[in-house]
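Every number in this text was worked out from the coordinates using simple rules, so none of it is lab data. Keep in mind that what you see is a predicted model, and the values were worked out from it rather than measured. Here the Cβ positions follow ideal geometry from the backbone for every residue, glycine too, while neighbour counts run over all protein chains shown.
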């Protein structure tokens, strides 16, 4: 083995096995007893937080799930895309008021995602799922999230409804 190959091999091994006293432990930022949360798990957690806040009409928790520059296609509240926090919040406040008038206590909605699929691409995630909370209607949802400053935020929500007979 040449000297150049030996140096490269030693360097590669040092990168893989840092001088921690335990050459079997790879680089990790968490304790060895607890596995790091995967991006898929993180996205699933923020989606659960978002849907729970929506189902219970918890305004502050709900609104904090969105990025300031997010966009939303609502299923029926408006014909055009809502762009930015102000437009999104104006429309969702109307939605919250309309829903709150139908029941006296949470949960106001049944937002259990069905057929949830999460795709993660580095700092971006796409979640798609169905909702069966309306009579004779299937809600189709696509939520695009981006990890910003270590926190997942909704950057786009596309909501559409379809009659169950068209499934």
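Structure data summary
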{"quantity": "Sole exception among (1) under 15 Å from residue 51 (Cα atoms); (2) exposed (fewer than 12 other Cβ atoms within 10 Å of the Cβ) for residue 104, by number", "calculated": "(1)"}
{"quantity": "Lone qualifier among 68, 117 - being over 14 Å from the mean Cα position of the chain (by Cα), free of Cβ contacts under 8 Å to residues at least 40 places away in the same chain, assigned to a strand (DSSP E or B) and loosely packed, with under 14 Cβ neighbours inside 10 Å", "calculated": "68"}
{"quantity": "Odd one out for residue 96, checked against (1) out of contact with any strand residue (DSSP E or B) (no Cβ under 7 Å at 6 or more places or on another chain); (2) assigned to a strand (DSSP E or B); (3) within 15 Å of residue 50 (Cβ to Cβ)", "calculated": "(2)"}
